[in-house]
Amino acid sequence: MKWVTWENIGVDRMACAWLIRRYIDPDAEFVFIPAGSKPLPIDAEPFDIPGTRLSHHRGHCSFITFLKEYKLKDPILQQIGQIVNEADIVQYVALEPAAPGLDLICRGLRRISHDDGDAIDRGCLVYDSLYSELTQTNSIHKGSNSLI
């Protein structure tokens with residue numbers, strides 16, 4: 001399936017592309033268009049484009065919308081959603097210490113990548129690593145709580 005989003009991807013679009021590839025559509029093909037382009041390609045599902053189904057809603061980033069729309073209940077994905085949301089949306093209270101670093105890494109990946117497709121490939125490694133570390137950290141915390 002084709003997926004379309006604006007070019008010059010950042011933390012939220014990179015996270016959404018990772019989520020699409022890993023949990024929704026492993027054969028996803030991404031198309032990048034200039035910001036504000038109209039009309040959108042009719043042969044592709046738009047994401048992280050204002051006014052579309054899979055975009056920011058109720059003050060939350062597109063990644064959160066994907067989790068809800070596709071009923072992805074994995075607690076690690078939920079935690080990544082909180083981190084991405086805080087990295088992408090202006091927050092009055094910072095709860096996720098990883099959020100600023102994740103945003104910085106994603107912006108850097110975009111700068112060193114040949115194009116947005118390359119940035120997604122590199123970003124998938126970052127999000128795979130984040131998922132792995134959060135899984136390990138959460139299992140350690142669960143283990144230590146069970147001893148009390």
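Bear in mind these aren't lab numbers, they're just calculated from the coordinates by the rules spelled out. Note that the coordinates shown come from a computational prediction; the quantities given were computed from them, not determined experimentally. Cβ sites come from the backbone with ideal geometry, for glycine too, and all protein chains shown count toward neighbours.
At what distance in nm do the modelled label points of residue 71 and residue 133 sit from each other, each positioned 7 Å from its Cα along Cα→Cβ?
Label at residue 71, label at residue 133, 3.3 nm between them.
I want to check a number: in the chain, how many lysine pairs have alpha carbons closer than 28 Å, given a sequence separation of 8 or more or different chains?
Close lysine pairs found across the chain: 8.
Enter the Cα centre distance for the pair the stretch 68-111 and the stretch 1-67, rounded to the nearest angstrom.
15
To check my understanding: the extent here is largest minus smallest coordinate of the Cα atoms along each principal axis. What are those three numbers for the stretch 2-146, in Å, largest first?
54, 34, 31
Restricting to DSSP H runs of at least four residues, report the calculated mean residue ellipticity at 222 nm for the chain, -39500 (n - 2.57) per run over all residues, nearest 500 deg cm²/dmol. Display every interim value, and only then the final one.
Details: 5 runs with 76 residues, N = 148.
The per-residue figure over the chain is -17000 deg cm²/dmol.
For a protection proxy built on the mean count of beta-carbon atoms within 10 angstrom, sort 11-23, 34-46 highest first, please.
Values: 11-23: 23.8, 34-46: 11.4.
Top of the packing list down: 11-23, 34-46.
Please list, in order along the stretch 23-38, the HN-Hα scalar couplings obtained from phi with the Karplus expression 6.51 cos²θ - 1.76 cosθ + 1.60 (θ = phi - 60°), rounded to whole Hz, x for Gly and Pro.
10, 10, 8, x, 9, 4, 10, 9, 10, 10, 10, x, 4, x, 4, 9
With r as the distance between the Cβ atoms of residue 27 and residue 104 and R0 = 35 Å, compute the FRET efficiency 1/(1 + (r/R0)^6) and round to 0.05.
Details: r = 31 Å, r/R0 = 0.88.
Step by step, r from the Cβ atoms, then E = 0.70.
At residue 37 and residue 78, where each label point lies 7 Å from the Cα along Cα→Cβ, what is the point-to-point distance in nanometres?
3.6
Among 88-94, 59-65, how do they line up from the highest to the lowest mean number of other beta-carbon atoms within 10 Å? Before the final figure, lay out the partial values.
Working: 88-94: 10.7, 59-65: 21.6.
Listed from highest to lowest mean packing, they are 59-65, 88-94.
Comparing 67, 134, 54, which has the greatest mean-square fluctuation in the GNM of the chain with Cα pairs linked when under 10 Å apart?
134
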